[in-house]
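First up is the structure itself, then whatever we jot down about it.
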Amino acid sequence: MDDQDVISRINELADEEHTLFQKESRGDASDQDRERLKDLGVSLDQCWDLLHQRRARRSAGLDPDDASVRDEGTVEGYVN
């Protein structure tokens, strides 16, 4: 998976998230929709993290293909 693949996946997930946010704002979201929103948030965080890893590795002269998706506990545990 190259950077463009990761970016495409981010866009797909963000589009789905946006659709579900709209549904939620209208009061039409089901429990399943709300659970999917949570899952999408984690998946988006993982994709962004992967993209950042790839770019950092490339910047450091390392192989970006050695970057890997980190688990939910790691990406959701970051503190800004």
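The values are calculated or read from the model by the stated rules, or taken from the named source; none is laboratory data. Since we're looking at a predicted model, the values are computed, not measured. Reconstructed Cβ throughout: ideal geometry from the backbone, glycine too, with neighbour counts over all protein chains shown. Note: accessible area is taken over every heavy atom of the protein model, side chains too, but ligands, DNA and RNA are not part of it. Shrake-Rupley method; radii C 1.70, N 1.55, O 1.52, S 1.80 Å.
Annotations for the structure displayed:
- Pick from segment 34-70, criterion without any contact (Cβ under 8 Å) to a residue 60 or more places away in the chain, surrounded by 15 or more Cβ atoms within 10 Å (Cβ to Cβ) and over 12 Å from the mean Cα position of the chain (by Cα), ranking: nearest to residue 5 (Cα to Cα): 54
- Any hit, segment 2-13, residues being surrounded by 15 or more Cβ atoms within 10 Å (Cβ to Cβ) and either over 15 Å from the mean Cα position of the chain (by Cα) or among the small types (Gly, Ala, Ser) (or both): no
- Cβ-Cβ under 7 Å pairs, at least 6 apart or on other chains, segment 4-26 side within 30 Å of residue 64 (Cα to Cα), far side open to solvent by 80 Å² or more (accessible area, probe 1.4 Å): 10/48
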